[in-house]
Amino acid sequence: MRNALHSIRNIGYEAVQASALGPVAPGKVKAAADASGLRLCAADVPFAALERAFADVVAVHRLWGCRYVVVDAVPDAYRASEAGYAAFAREAGAIAGRLRDRGLAFVFRGRRYALERFGGRRTGLEILLDETDPESVGFAMDPFEVQAGGAFPVDWIRRTKDRLSLVYLQDMAVVGGRPVPAEIGQGNLNHEAIVAACREAGADWYVVGQDECRRDPFESLAISYRHLKTYF
């Protein structure tokens, strides 16, 4: 882990999100990040972990000095209907309020499935925006996922104005007729417009990632970093 984090810091990144770490003690994660000179800006947490081990989630985030608790997915049981999303909004909102009382922030990451429209009415993402407290529930937009879901990334970034905690940046290329993740600047998303919209919306963190790498992952991170820096 330390070697990977040192490599990330040497590229120029100043922070990382903790995701899919496996059975690594939180103290070791903190020590490795500190040794590499990296902040922990956010962490992925399954919604079920917040329900069954809330105190542990809070303790780990405090140890890491990490404010953002990112829920990466709506559990399958809630995804099938407008009523399901509304129920998730209520339950997530209650947990988000408890996190806020402890100085932490609940963040929902928008995925393409949340752009499904129910009965010609609202999308899942619209339900979550409409039916959660703006003071408790933030959003993390992923322009790749929004575009793959048939919507316009800049529009959705603007719609989450003042609630946009993080934005996940990866580009979208077309390979063999299908959209695939790519390094920033190596695909077809308009990152100049995306970054401008994020600034207007008040995004706190820009998190670079890539769900599929077709070259060495650290090379991909370096390419994305160099291109993204041209907008700052």
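Read-outs: derived from the displayed coordinates by stated rules, not from any lab. Quantities reported herein were computed from a predicted structural model and do not represent experimental measurements. We place every Cβ from the backbone using ideal geometry, glycine too, and count neighbours over all the protein chains shown.
Figure legend: label point modelled 7 angstrom from the Cα of LEU21 along Cα→Cβ; residues of region 62-80 with amide N under 19 Å from it are 62-73.
Within region 124-203, DSSP assigns beta bridges of which about 60% are antiparallel (rounded to the nearest 5).
Treating only the Cβ atoms of Lys and Arg (+1) and Asp and Glu (-1) as charged, compute the dipole magnitude of the chain about its Cα centre; round to the nearest 20 debye. Provide the component values of the computation, followed by the final result.
On the way: 29 positive and 29 negative charges, 74 e Å.
The calculated dipole for the chain is roughly 360 debye.
Taking other Cβ atoms within 10 Å as a rough exposure proxy, MET141, MET172 sort from fewest to most as MET172, MET141.
Out of all DSSP beta bridges with both ends in region 67-229, state the antiparallel percent to the nearest 5.
Numbers: 6 of 21 bridges.
So the antiparallel bridges amount to about 30 percent of the total.
Note on GLU116/ARG214: beta-carbon distance plugged into 1/(1 + (r/R0)^6) with R0 of 25 Å gives a FRET efficiency of 0.30.
At what distance in angstrom do the alpha carbon centres of region 166-181 and region 1-58 lie from each other? Taking the Cα centre of each part, region 166-181 and region 1-58 sit 25 Å apart.
In whole percents, the pair-distance distribution calculated for region 1-123 from its alpha-carbon pairs, binned every 5 Å from zero, is 2, 10, 19, 20, 15, 13, 10, 6, 3, 1, 0. Taking 0.36 nm per residue of sequence separation and removing the Cα-Cα distance, the GLU200/GLU14 pair yields an extension gain of 64.7 nm.
If you take the beta carbon distance between ARG39 and SER81 as r and set R0 to 30 Å, what does 1/(1 + (r/R0)^6) give as a FRET efficiency, to the nearest 0.05?
With R0 = 30 Å, the Cβ-Cβ based efficiency is 0.15.
Normalised size of region 67-229, defined as Cα radius of gyration per 2.2 N^0.38 Å with N residues, equals 1.05. When each of the peptides 119-132, 142-155 is scored by how many other beta carbons lie within 10 Å of its residues on average, the order from highest to lowest is 142-155, 119-132.
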